[in-house]
Amino acid sequence: MSAIRERLGETALLGVLAALVVAVGVAGPLYADAAARNVLAASAAAATPGEQSLTVTVEMTARNGIAAALAELRGSIAVVPAGPGVREIRGGYRRGSVTPRESAAPIEVLLAARDDVCAHLALTGACPARPGEVALAATTARRLGLVAGDTFAFQVQPTAPPATLRVTAVYDVDGAGGGLTDSYWAGRRELTPVPLRVENPVFTVPDTLQTLGADTFQATLDHVADLTAMSPDDVEALARTLRSAEEPGRGIAVTGGLSRLLPQIVADRDTVAVPVVVGAVLLLGVAWWVLLLGAGHAAAERRTQAVLGALRGAPARHRAALTAGPGVLTVLVALPVGLVLGRSLAQLLAWATMAAPGPVPLSATALAVAGGLTLAVLVSVVFAQVRVHRGGVLDALRQVPARRGAAGGIAVVVVVVLAVAAAWQLRTGDAQVLGLAETVLPAAAPVLMLVAAGLVAARTVRPLAGLLGRAGLRTGRVGTALGALYASRRPGMDRLVALVVIVMALLAQAAYGWQGLQGAEQEQARLALGAAEVVRVRAPSRAALLHLVRQADPAGDWAMAVARQESSTGTTVAVDTARLARVAYWPAGAGVPADRVARQLRPTANPSLRITGAALLLDLTMPETLHIDLPLTAVLDGPRGEPVIATAAAVPGSGRHQLRLDVPACAEGSGCRLAWLSFRFDPGGVVLHGIAQAAPDAVVADAVAMTDPARWRTTIGAAGVTLSPLPGGLAVDYEPVDPRYPDPEVRVQVADVPLPVPAALAGEARLAHDRTVVRGEMLSPLRRPVDVVAAAPALPGAGTQGLLVDLEYADRANDSMDNIADLQVWLAPDAPADALDRLRATGLVPVSAETAGQRTEHLLAVGQGPGSRFRFGAALLAVLLVMVAVSLVVAVDGPRRGAELAALRTQGVPQRAVRRATRSGYLLIVAAAAAGGGLLGAAAADDPPASSVLPVAVLVGAGLLLTATAYVVGTRLSRVTGLDLEDGR
């Protein structure tokens, strides 16, 4: 203890450095754990219900009961996802038809049973509890004309007797159920209640499915993961379970994004871990370097004392206790301090780099690292003591510095060899160089190369300083010569220079890397969103979305209607092309301007048939072969884009006559657009002679238009439907491909859209030149042909894999009023502050909004962002440690250097020369090393960002800080006893 009290300053310094080493080692794994939890939380917040689920669908027999069939389905799955946060949901469904009370044309609905479904519906009435009881969506109830307490007939197929079902409740699709964001629905489009869909699912109990008179039903088994209730280890375990699952058997459809989301979360966690490890090793290496300097300094201070003790006959154990004892005791005391400091450092870095980091608890890994580092620090301190005490007694009494062994040179050679191997691997892609791991060496390669360059550059310091000193003597610059010659004779000078060069180079690389990553993620966020801000909305239909957005922004300066559909093959983005160039973010590398693409996506098409009267009049001739009433339905887009449907029955035997369909909504505003006419059964050769309107009276399509084959088409993909232009009109015939399964609906579509639909493709430019026709999902589950008229490497909203089409044309070519696409409104950067209020005023219902900045933050939270931030922060902390190293080296050299210069001053060296040698020697060395390291790191940066303001500012600040430290500490030499620089000669 007396030795500690005698050298209290050196002991305290050693304890602080040992605690810093332990703290840095502990902070790395703790931050990595916090980053992994942050990745999981960010992924959970951004995941859609479909991405959090794994669904199994298979057709099964209902003869043995629904419960038995579901149990059999579960038993047939080899690997069942299970674990914390994983919920299993069983159910089934069957499609059938229901005839509305005020219409002769039945509509198809889906009758479904699902575990605990009522808890996820906003019900008005009683939850179905017995067979035959059902809950209807409010939209479906209005379409069918039903209320709670009513009964209706549900028929699964024409040959089966209808089942009578009773309505016990009506659920609100806009209520608390929130099917669009509720993970309970597992992303099942057919089961999720959607405000835009009229025929929403009808929910019942499982036993109802057995009373329908059908032999089979679609059984469903869903597994939904609540990521907020899972730890990173739980996610990894579940990902391994899903990877081990075998291919599903024939007839079993396995969908859902959980099997893709979990590996992505694990990959993002690993992506975060690599730069965290690199940054932690960097910081740990610098801290250890400074520790060795401090330990060597403390040992050197006790060297003479230990030798004198040996000369006076002190026992070896006493000398060992005198030399190594204080250091060992100090390191042991520093262990708990380092643990607390490391946890605080990890918490501080987490708060600085993560949106919601939460607490950072100590882990078993961190404790193990702390124990291992403490042992390593003990060994390092003892080694430093042994190394300093080597040599003769005279050297110790004269305080001659210990000679440098060959270990330093060998270490430099090893680092250079590893750097060359890493560079070779990066160049050739060979992952087996030196047997190193495929991911570790590429990640460490830039660091290894910078460290090797710094070590090699430091080896040239002493020879160059000697040349500079001799040149100064020849030219009479005594002060410069004294400073340079001292640097060339100082054995540890190259180590200090190497430390400064390496840390500044790594700081430059980290700063440029962080700046570049921000720019790359910002570009990706803009491209993924498509605009500065994207608002998800609810609207009656896609056509209504288009109309209402144009109403909110008549000039088309800041808002654009968009429908976005994602699939396994890419993303289809349908936009209002008239506003594309003004609102969307168009990538600079597209190679084609946005306005030209907009024109190519909307070529001239046939004019639409518009109804501006209160009734639609069809001039038609019924065939004599038809003996039953023929329900005929007209489907139109209303004045505000809402669906307008009118049905009437054509009576057989009436010959040529006029059929009236009342559409009072079309008498308002700009009227309605006729989308299609549909026949419930085989029309048997019905001839359409013309279309007119009443109130006011007008001709919509005369005989010339009816007989023009370019004005009419069948449904895309429909088989057996024939449209034949006759001299007097358009004949409609139908011949089913399989008479056993006739199509329940035969349509005559208005051909007011170019087919195939023009599209811009994310891909090679040549695809637009050869006019390649591909197939894409055009706002529906069915893939339809598209005509590639433009191509770009990436497209707004679609990224590098997808299509861009005109929204109005895509809506018309969809041949359906049903919607599965995500309806959005894209806002320009200069959109007014009350943009959402203006959208609400038109009747649109905003669901959520996301800006490009928010998406950028999300990408930085789940990708390389946390690791890059940690690495940047570690480099900044390393600069602070280098300041300690500079102060330590200068302080150690102070007395010895002061004595040497005092002797030179006595021998007649001018005052000005001595002042320059003392105050500028270390300053110039540190400044040159800092500048060289910064330039080296900047030159080695990958893909430097367009703006270098942040990296340059950080490097200049760090260089000035190190230089100022060297200057301030160096001026202490002027106050050393025997060296009074203020006295002139």
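Structure data summary
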| quantity | calculated |
| --- | --- |
| All positions within the stretch 658-701 that are in contact with a strand residue (DSSP E or B) (Cβ under 6 Å, 6 or more places away or on another chain), polar (S, T, N, Q) and modelled with pLDDT under 95 | GLN658, SER678 |
| Residue ID - nearest to the chain's Cα centre (by Cα), chosen from residues in the stretch 550-589 that are buried (at least 16 other Cβ atoms within 10 Å of the Cβ) and of a type in the set (Val, Ile, Thr) | THR571 |
| Inter-residue pairs, beta-carbon under 9 Å, first outside the structural domain of ASN200 (by TED's automatic domain parsing) and in the stretch 128-155, second part of a loop (DSSP other than H, G, I, E, B), 6+ apart | none |
| Test: residue in the stretch 128-140 that is of a type in the set (A, V, I, L, M), assigned to a loop (DSSP other than H, G, I, E, B) and crowded, with 20+ Cβ neighbours inside 10 Å | no |
| Test: VAL573 is modelled with pLDDT of 90 or more, part of a helix (DSSP H, G or I) and β-branched (Val, Ile, Thr) | no |
| Pair list, Cβ < 7 Å and 6+ apart or interchain, from the stretch 545-569 residues that are of a type in the set (Phe, Trp, Tyr) to residues that are in a loop (DSSP other than H, G, I, E, B) | TRP558/ALA828; TRP558/ASP830; TRP558/ALA831; TRP558/PRO832 |
| Which numbered condition ALA68 misses (of (1) surrounded by fewer than 20 Cβ atoms within 10 Å (Cβ to Cβ); (2) modelled with pLDDT under 85; (3) not basic (Lys, Arg)) | (2) |
| Given (1) touching a residue at least 12 places away in the same chain (Cβ under 8 Å); (2) over 22 Å from the mean Cα position of the chain (by Cα), number of the condition LEU527 does not satisfy | (2) |
| Pairs with Cβ under 7 Å, 6+ apart, first in the stretch 238-264 and more than 22 Å from ALA44 (Cα to Cα), second modelled with pLDDT under 80 and in a strand (DSSP E or B) | PRO248/VAL254 |
| Hits in the stretch 71-100 - residues which are at pLDDT 85 or above and closer than 30 Å to ARG855 by Cβ | PRO84, GLY85, VAL86, ARG87 |
| Qualifying residue in the stretch 600-614 (condition: farther than 27 Å from ALA705 by Cβ, assigned by TED's automatic domain parsing to the domain that holds GLN824 and surrounded by 21 or more Cβ atoms within 10 Å (Cβ to Cβ)) | no |
| The one condition in (1) surrounded by fewer than 19 Cβ atoms within 10 Å (Cβ to Cβ); (2) at pLDDT below 90; (3) farther than 27 Å from GLY591 by Cα that ALA821 fails to fulfil | (1) |
| Checklist (1) in contact with a strand residue (DSSP E or B) (Cβ under 8 Å, 6 or more places away or on another chain); (2) not in a strand (DSSP E or B) applied to VAL704, failing item | (1) |
| Flag if ALA525 is modelled with pLDDT under 95, in a helix (DSSP H, G or I), hydrophobic (A, V, I, L, M, F, W, C) and assigned by TED's automatic domain parsing to the domain that holds ALA810 | no |
| Count of the stretch 735-759 residues which are farther than 26 Å from ASP637 by Cα and in contact (Cβ under 8 Å) with a residue 12 or more places away in the chain | 4 |
| Single residue of PRO361, PRO336 found to be surrounded by fewer than 19 Cβ atoms within 10 Å (Cβ to Cβ), at pLDDT 75 or above and within 30 Å of ARG855 (Cα to Cα) | PRO361 |
| Tally, over the stretch 24-71, of residues that are of a type outside the set (Lys, Arg), in contact (Cβ under 8 Å) with a residue 60 or more places away in the chain and not in a helix (DSSP H, G or I) | 17 |
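Yes/no per residue for (1) at pLDDT 90 or above; (2) aromatic (Phe, Trp, Tyr); (3) surrounded by 15 or more Cβ atoms within 10 Å (Cβ to Cβ); (4) over 19 Å from ASP733 (Cα atoms):
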| position | (1), (2), (3), (4) |
| --- | --- |
| GLY591 | no, no, no, yes |
| ALA594 | yes, no, yes, yes |
| VAL597 | yes, no, yes, yes |
| PRO631 | no, no, yes, no |
| PRO639 | yes, no, yes, yes |
| THR647 | no, no, yes, yes |
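The values are calculated or read from the model by the stated rules, or taken from the named source; none is laboratory data. Note that the structure is predicted; figures quoted are calculated from it, not measured. Neighbour counts are summed over all protein chains in view; Cβ atoms, including those assigned to glycine, are modelled from backbone coordinates with ideal geometry.
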